[in-house]
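Student: Here you go, one structure.
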Amino acid sequence: MKSLLSLFTLTLLTATATHASTTTVQGNWGVDQINWQINTTEQGQTWTLQSGSTTKQLQIQNKDAATSTISSADGSTALNIAQSNSGTSVQGQLDGRTVDLAIEHTNNGTHWFKGVFKNHRPSLRIDVPTEERKEGRATGFFKNELADLYMIRKNDGYWFKGYMNGYWIDVAIKRSGNTYSLEGAYLSKKISLLATTDGSIDDVIEYLLLDMPVPNSDFLNLGSMEQAE
């Protein structure tokens, strides 16, 4: 089995060789119509997220293979992210709220969250899916709300079921070529999205679960699991 540490090492060493790609996400989430676009280059990413009448723009800049910044057009987000084999640190502000987060990575595929995230103190553990462990799970508290979420690997994608941020999630993610469908309930609201990407869906899933992208890493090990299929 590839350990998560070796996967992070591979990701960090190859970050500068990222191929240009585009991801689009369209559909509905609750009453909002979704139209998202993520453009990826070697230098970073641009995110344009239109959700109903609200538009959010994020810029990710890769300083080097292990450090990056995330900023928003309205100035409410300014994050510095540093990654190593043993952990990730995230500092600054996200949506106008304080972030001073340390995420410890273990060699059995577990992330431990400590510190401050959006003015709250998370106590969160994420066991990501691996080749041997088909079922991942997030447990604890995130933004002071219950997290007990199963990430179940299926032949054609994933099934996310449980609670995150105190809200119910029951989403089937199905892959067909470079297209992914997301159907079900997310944060207690009906969701029906279609994502098309030249790469992996992991960036979108990380954003949905954590409120932010995690640059230059397959944080939930979803991309690696797709390659192993």
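Student: Suppose we filter segment 128-140 for residues that are closer than 20 Å to Ile205 by Cβ and surrounded by fewer than 19 Cβ atoms within 10 Å (Cβ to Cβ); how many remain?
Tutor: 7
Student: I'd like the full set of residues that are on the phi < 0 side of the Ramachandran plot and in a loop (DSSP other than H, G, I, E, B), limited to segment 120-162.
Tutor: Arg121, Pro122, Val128, Pro129, Thr130, Glu131, Glu132, Arg133, Lys134, Asn155, Asp156
Student: For residues that are within 30 Å of Glu132 (Cβ to Cβ) and part of a loop (DSSP other than H, G, I, E, B), scanning just segment 72-88, find the one that is least open to solvent (accessible area, probe 1.4 Å).
Tutor: Looking at the filtered set, the residue picked out is Ser84.
Student: Could you tell me which of the residues Ser217, Ser200 is closer than 14 Å to Tyr158 by Cα, assigned to a loop (DSSP other than H, G, I, E, B) and at pLDDT below 95?
Tutor: Going through Ser217, Ser200 in turn, the sole match is Ser200.
Student: Going through segment 163-183 one residue at a time, which ones are of a type in the set (Gly, Ala, Ser), within 23 Å of Phe142 (Cα to Cα) and part of a strand (DSSP E or B)?
Tutor: Within segment 163-183, Ala172 is the sole residue that qualifies.
Student: Here's another thing I want to ask about it. Say we look at segment 184-197 and pick out the residues that are among the aliphatic types (A, V, I, L, M) and not in a loop (DSSP other than H, G, I, E, B); which of these is nearest to Gly136 (Cα to Cα)?
Tutor: Filtering first and then ranking leaves Ala185.
Student: Here is a follow-up. Among the residues of segment 206-219, is there at least one that is of a type in the set (A, V, I, L, M, F, W, C) and either more than 17 Å from the chain's Cα centre (by Cα) or open to solvent by 30 Å² or more (accessible area, probe 1.4 Å) (or both)?
Tutor: No, segment 206-219 has no match at all.
Student: Same structure again: In this structure, does Gln91 turn out to be at pLDDT 95 or above, of a type in the set (S, T, N, Q) and surrounded by fewer than 16 Cβ atoms within 10 Å (Cβ to Cβ)?
Tutor: no
Student: Where residues in segment 105-119 are part of a strand (DSSP E or B) and under 16 Å from Ser217 (Cβ atoms), which of them is most open to solvent (accessible area, probe 1.4 Å)?
Tutor: Among them, the one singled out is Trp112.
Student: Continuing with the same structure: Restricting the search to segment 149-177, which residues are surrounded by fewer than 16 Cβ atoms within 10 Å (Cβ to Cβ), touching a Leu at 6+ places or on another chain (Cβ under 6 Å) and of a type outside the set (Ser, Thr, Tyr)?
Tutor: Once the filter is applied, which keeps residues that are surrounded by fewer than 16 Cβ atoms within 10 Å (Cβ to Cβ), touching a Leu at 6+ places or on another chain (Cβ under 6 Å) and of a type outside the set (Ser, Thr, Tyr), segment 149-177 yields only Gly166.
Student: Quick check on Leu210: is it modelled with pLDDT under 95, of a type in the set (A, V, I, L, M), touching a Pro at 6+ places or on another chain (Cβ under 9 Å) and within 30 Å of Asp64 (Cβ to Cβ)?
Tutor: no
Yes/no per residue for (1) at pLDDT below 95; (2) in contact with a Ser or Thr (Cβ under 6 Å, 6 or more places away or on another chain); (3) open to solvent by less than 20 Å² (accessible area, probe 1.4 Å):
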position: Ala17; (1), (2), (3): yes, no, no
position: Ser21; (1), (2), (3): yes, yes, no
position: Val25; (1), (2), (3): no, no, yes
position: Asp32; (1), (2), (3): no, yes, no
position: Thr41; (1), (2), (3): yes, no, no
position: Thr46; (1), (2), (3): no, no, no
position: Gly52; (1), (2), (3): no, no, no
position: Gln59; (1), (2), (3): no, yes, no
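Student: Same structure again: Name, by its number, the condition in (1) open to solvent by less than 50 Å² (accessible area, probe 1.4 Å); (2) farther than 16 Å from Asp218 by Cβ that does not hold for Ser68.
Tutor: Condition not satisfied by Ser68: (2).
The values are calculated or read from the model by the stated rules, or taken from the named source; none is laboratory data. Computed from a prediction, not measured in an experiment: that's the story for all the values here. Cβ atoms come from the backbone with ideal geometry, glycine included; neighbour counts cover every protein chain shown. Note: accessible area is taken over every heavy atom of the protein model, side chains too, but ligands, DNA and RNA are not part of it. Shrake-Rupley method; radii C 1.70, N 1.55, O 1.52, S 1.80 Å.
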